Amino acid sequence: MTDSDQKKKIVITGDRPTGPLHLGHYVGSLQNRVEMQDLYECFVMIADTQALSDHFENPELVARCVREVFKDYIAVGISPEKSTIFIQSKIPELFELTSYYMNLVTVARLERNPTVKSEIQQKGFNESVPAGFLCYPVSQAADITAFKATLVPVGEDQLPLLEITNEIVRRFNRTYDTDVLLEAKAVLGKVDRLVGIDGKAKASKSMNNAIFLSDSQEVIKEKIFSMYTDPNHIRASDPGKIEGNVVFEYLNAFFEDEAELKSMKKRYEQGGLGDVVLKSLLNETLQKLLNPIREKRESIEESEIMERLEEGTNRAREIARRTMEQVRNAMSISYWTP
Ligand code: ATP
Ligand code: MG
């Protein structure tokens with residue numbers, strides 16, 4: 001490793017293998033990862049243990065989606081040569097680290113976290129929140145700090161979680177009088193929160209309200225044509241509303257000709273632009289974006305997936321192992337030299 005390599009900033013991010021990845025991931029995080037892998041040392045984690053915290057009854061689905069998420073990575077241009085892609089559950093050091101961090105955060109703090117709070121509500125856990133789910137932000141703190149990452153390309157929902165990570169980092173360093181752990185900063189995507197195709201605040205796998213990167217041309221078209229626009233915009237000549245209009249939200253995110261989009265918005269507001277025209281334009285835009293991604297995805301050799309993931313996981317584990325030694329030393333619980 002050269003000097004300049006050693007000075008490279010470290011990036012980590014990941015996804016829960018609870019379904020294939022969607023356009024929200026693309027604009028929220030994947031695009032940034034592809035750019036960042038040429039500039040920094042990048043780790044990309046498939047968070048299967050975290051996925052089990054609300055899918056513990058369906059581990060087969062999680063295992064299947066590990067492969068799907070890996071394929072999505074390759075399809076959008078995350079390269080296993082440039083980025084270290086790994087599986088969370090295969091790195092036991094992360095869970096040891098989580099145990100130590102559990103002591104540095106209160107249950108009340110976790111319950112107050114707005115992202116966790118809204119997910120608990122959305123999943124209908126009510127009073128029966130699994131402890132594993134409530135504590136996933138602690139495990140996320142372990143994932144980030146084990147690799148000494150300082151940059152985390154994520155969507156907006158992750159900001160409150162990153163705050164908990166940084167609180168744990170400060171508390172650890174202060175408690176054990178060390179500087180072993182580093183604070184991390186979020187890097188938000190082009191769109192920090194893509195709305196769902198149903199108009200809900202966030203497109204997400206578990207709400208099944210997203211256009212997936214692997215959707216067929218027909219499914220994409222169907223989803224676009226079922227999007228919510230403005231219920232009062234009945235005839236093309238009626239004036240329409242842009243705000244809360246899902247089709248415009250998606251055009252904002254994916255249609256690149258800003259001047260053209262601006263003029264279309266004006267025409268829509270004045271009356272004279274029909275929903276079908278608008279949806280056809282969005283369909284054309286998204287098909288152009290997703291066709292090559294789907295093709296690349298289909299060309300991936302199934303037999304190579306686990307081999308690649310094993311290589312990445314071994315590489316990642318080595319780094320986590322080193323951090324764990326430093327952590328144990330800082331806490332005076334090394335006992336003997338490994
Ligand atoms: P789940 O419903 O299982 O939680 P998800 O769709 O929320 O799935 P995650 O795996 O939780 O996806 O999120 C992975 C990354 O993608 C995170 O950084 C998250 O912020 C980002 N992300 C997810 N959905 C969106 C979205 N709609 N807009 C922008 N970023 C998103
Ligand atoms: Mg999520």
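The values are calculated or read from the model by the stated rules, or taken from the named source; none is laboratory data. Since the structure is predicted, the reported quantities are computational estimates derived from the model, not experimental observations. Methodologically, a virtual Cβ is constructed for each residue, glycine included, from the backbone with ideal geometry; neighbour enumeration extends over all protein chains shown.
Brief remarks follow.
- In segment 304-317, the residues that are in a helix (DSSP H, G or I) reach residues that are of a type in the set (Lys, Arg) with C-beta atoms within less than 7 angstrom, at least six apart or across chains, in these pairs: Ile305/Arg67; Thr313/Lys90.
- Qualifying residue in segment 98-114 (condition: out of contact with any helix residue (DSSP H, G or I) (no Cβ under 6 Å at 6 or more places or on another chain), aromatic (Phe, Trp, Tyr) and assigned by TED's automatic domain parsing to the domain that holds Arg170): yes
- Among the criteria (1) among the charged types (D, E, K, R); (2) surrounded by fewer than 16 Cβ atoms within 10 Å (Cβ to Cβ); (3) within 16 Å of ligand 1 (Cβ to nearest atom), the one Arg235 does not fulfil is (3).
For every residue, the table says whether it meets (1) without any contact (Cβ under 8 Å) to a residue 24 or more places away in the chain; (2) within 16 Å of the chain's Cα centre (by Cα).
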site: Gln121; (1), (2): yes, no
site: Val138; (1), (2): no, no
site: Asp143; (1), (2): no, yes
site: Ala146; (1), (2): no, no
site: Asp157; (1), (2): no, yes
site: Ile168; (1), (2): no, no
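- Test: residue in segment 118-130 that is aliphatic (A, V, I, L, M) and farther than 27 Å from Arg317 by Cα: yes
- So Glu68, is it of a type in the set (Asp, Glu), buried (at least 19 other Cβ atoms within 10 Å of the Cβ) and modelled with pLDDT of 95 or more: yes
- Taken together, Ala146, Ala131, Ala108 contain a single residue that is modelled with pLDDT of 95 or more and either crowded, with 21+ Cβ neighbours inside 10 Å or within 12 Å of ligand 1 (Cβ to nearest atom) (or both), which is Ala146.
- Residue match in segment 7-26 (condition: surrounded by fewer than 18 Cβ atoms within 10 Å (Cβ to Cβ) and under 25 Å from Gly196 (Cα atoms)): no
- Residues located in segment 146-184, provided they are touching a helix residue (DSSP H, G or I) at 6+ places or on another chain (Cβ under 8 Å), not in a helix (DSSP H, G or I) and not charged (D, E, K, R): Phe147, Leu151, Val152, Pro153, Val154, Gly155, Tyr176, Thr178, Val180, Leu181, Leu182, Ala184
- Positions within segment 205-231 being at pLDDT 95 or above, away from ligand 2 (no atom under 16 Å from the Cβ) and among the aromatic types (Phe, Trp, Tyr), in sequence order: Phe225
- Counting only helices (runs of 4 or more DSSP H) wholly contained in segment 211-303, the ones carrying 3 or more residues that are farther than 21 Å from Ala201 by Cα and touching a residue at least 60 places away in the same chain (Cβ under 8 Å) occupy 275-298.
- Residues (touching a Gly at 6+ places or on another chain (Cβ under 8 Å), surrounded by fewer than 21 Cβ atoms within 10 Å (Cβ to Cβ) and farther than 20 Å from Ala210 by Cα) located in segment 27-53: Val34, Ser53
- Members of segment 295-307 found to be surrounded by fewer than 18 Cβ atoms within 10 Å (Cβ to Cβ) and of a type outside the set (Asp, Glu), listed by number: Lys296, Ser299, Ile300, Ser303, Ile305, Met306
- From Pro153, Pro160, Pro130, residue being within 14 Å of ligand 2 (Cβ to nearest atom) and either small (Gly, Ala, Ser) or not assigned by TED's automatic domain parsing to the domain that holds Phe225 (or both): Pro160
- The helices (runs of 4 or more DSSP H) found wholly in segment 1-70 and carrying at least 3 residues that are within 15 Å of ligand 2 (Cβ to nearest atom) occupy 48-55.
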